[in-house]
Amino acid sequence: MYKPPPPSARRKNIEFEPLSTTALILEDRPANLPAKSVEEALRHRQEYDEMVAEAKKREIKEAHKRKKIMRERFKQEENIASAMVIWVNEILPNWEGMRATRRVRELWWQGLPPSVRGKVWSLAVGNELNITPELYEIFLSRAKERWKSFSETSSENDIEDAGASVADREASLELIKLDISRTFPSLYIFQKGGPYHDLLHSVLGAYTCYRPDVGYVQGMSFIAAVLILNLEEADAFIAFANLLNKPCQLAFFRVDHSMMLKYFATFEVFFEENLPKLFLHFKSYSLTPDIYLIDWIFTLYSKSLPLDLACRVWDVFCRDGEEFLFRTGLGILRLYEDILLQMDFIHIAQFLTKLPEDITSEKLFSCIAAIQMQNSNKKWAQVFASLMKDNKEGDKNHSPAPKS
């Protein structure tokens, strides 16, 4: 009759035990219960061996995965280090002559080394407004004076109770305080008491005084925060003001509906060209670009994508301009096309409002690279200009006839 070996003998030969509870299948039953039959004991031994083998496979697979990640990380760090040397020693000292070369553009596409990112962004955005650090200090002083007088005369609740309009409240400096707490909430540095809280407050307050015609609009805090993470205070303000003065950003932050519609219409031309199946799916639900694009454009993807990935989008946006913002949007739609095709209106809107957190730069940029920004031999700027021209001609045709 088969007699199972004692527990001590069994355990000595076990080289790998996935879980202590897994081995319980080999244990003898308590004395008050019938003993296992030979067949049952053999079956349990086989099942246990299979579980151990499976666990070993998983462990080996995980070990290979960890090694692969470490190799990729090491390679990435090496690439960043070598790229940094090129940027610092060759490109930045000869910026105007080299920025548009094929070699620099290809290097730019791969992502800027964090140590030169802020400098490259500043140079790429430019300073057409001729803002100086001294001018920033002047507007910051004005903002502080307004904060002081505001806090002395009224409270946050008073504004709400007074029935002020949304536009008035967005133009007020007080709204900035409310919005900062919602900016990268997982990063303590921007929360009250954090090292960058006051800095973000200062940059946004100074801008509100510098551009009262635009005022403060929700979403600006994310853009300012990303710049503050990469630039000194005054340089961040200069880049921020100039960035928001670009046609696309100005149209969105001033809520110029006519211009926004042109951007959406241009986006749809390339949407239909690149992703016709998904385009028709969206059309069948009357799902228009404003539902998902507004939040992406307002924050330049810094709210929608992981911060490191958003910064890489910013890198190429600084290289290619507004076109790349919309190309990124199409890249996201391409990446999740198969999933989106299975969804209805509500689920699509929810999905695009909160994108998966595991989105990687490799996958996204692969999809962005596959997007062709050309329609009937017309590039983005040409399609946009054509729509603007059609709109102007339409306005002329619908204008009232002059009185005789």
Highest first, please rank the peptides 249-255, 49-55 by the mean number of other Cβ atoms sitting within 10 Å of their residues.
249-255, 49-55
Per residue of the range 357-367, what does 6.51 cos²θ - 1.76 cosθ + 1.60 with θ = phi - 60° give for ³J(HN,Hα)? Whole Hz please, x for Gly and Pro, Karplus curve as stated.
6, 8, 5, 10, 5, 4, 5, 5, 5, 5, 6
Net charge around residue 370, counting only other residues with Cβ within less than 14 Å of its Cβ (Lys, Arg = +1; Asp, Glu = -1)?
0
Order the peptides 105-113, 40-48, 83-91 from the highest to the lowest mean number of other Cβ atoms within 10 Å of their residues.
105-113, 83-91, 40-48
Around residue 317, with a cut-off of 11 angstrom between Cβ atoms, what is the net charge of the other residues, counting Lys and Arg +1 and Asp and Glu -1?
0
Tell me the carbon and sulfur percent of the accessible area for the range 246-290, rounded to whole percent, probe radius 1.4 Å.
57
Whole-Hz ³J(HN,Hα) from phi, Karplus 6.51 cos²θ - 1.76 cosθ + 1.60, for the range 338-347, glycine and proline x:
4, 5, 5, 5, 8, 9, 9, 3, 4, 5
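The values are calculated or read from the model by the stated rules, or taken from the named source; none is laboratory data. Model, not experiment: these values are computed from the prediction. All Cβ positions, glycine included, derive from the backbone under ideal geometry; neighbour counts span all protein chains shown. Keep in mind that these areas ignore ligands, DNA and RNA; they rest on the heavy atoms of the full protein, side chains included. Shrake-Rupley method; radii C 1.70, N 1.55, O 1.52, S 1.80 Å.
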